[in-house]
Amino acid sequence: MRVWTLEKAKNGFSELVRGALAHEPQLVTRGRSGADAVVVIARDDYERLVAPVDLYSAMQRSPLAAAIAEGAFDRDDPFPRPREMSRELSLGTTHGDEADGSMEFPDGVP
């Protein structure tokens with residue numbers, strides 16, 4: 001990305017526009033500190049950046065979709081979890097001493 005001071009951008013505006021039209025973003029700074037002010041880009045690039053993308057299309061173009069297509073992951077189970085990493089989990093009502101981690105629920109609450 002080419003960097004321009006505001007003064008140089010004014011004097012070389014045609015060159016700045018040519019660069020942007022060649023799909024090369026042009027950064028224009030201002031002041032002595034060189035603080036970023038604006039980035040000039042071609043209209044095509046701008047419209048591509050702001051165009052709405054539906055979730056399905058975005059996911060199809062994701063790196064994960066490409067990796068699955070290349071066979072890096074199993075289509076049916078892309079993130080297999082080893083059995084030894086699982087744990088027992090009880091979702092029912094338990095009764096007993098709370099010190100051992102069990103909980104008692106009020107009547108009617110599962």
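The values are calculated or read from the model by the stated rules, or taken from the named source; none is laboratory data. Model, not experiment: these values are computed from the prediction. Quick reminder, even Gly has a Cβ in these numbers, built from the backbone with ideal geometry, and neighbours come from all protein chains shown.
Taking the criterion of being among the small types (Gly, Ala, Ser) and touching a Ser or Thr at 6+ places or on another chain (Cβ under 7 Å), the only residue of the stretch 36-55 that qualifies is Ala37. Reported count of residues in the stretch 29-57, each being surrounded by 11 or more Cβ atoms within 10 Å (Cβ to Cβ), of a type in the set (Gly, Ala, Ser) and either assigned to a helix (DSSP H, G or I) or at pLDDT 95 or above (or both), is 1. Taking the stretch 18-28 as the range and being surrounded by 14 or more Cβ atoms within 10 Å (Cβ to Cβ) and in a helix (DSSP H, G or I) as the test, the residues that pass are Gly19, Ala20, Leu21.
Of the residues making up the stretch 12-28, none is under 25 Å from the mean Cα position of the chain (by Cα), modelled with pLDDT under 90 and hydrophobic (A, V, I, L, M, F, W, C).
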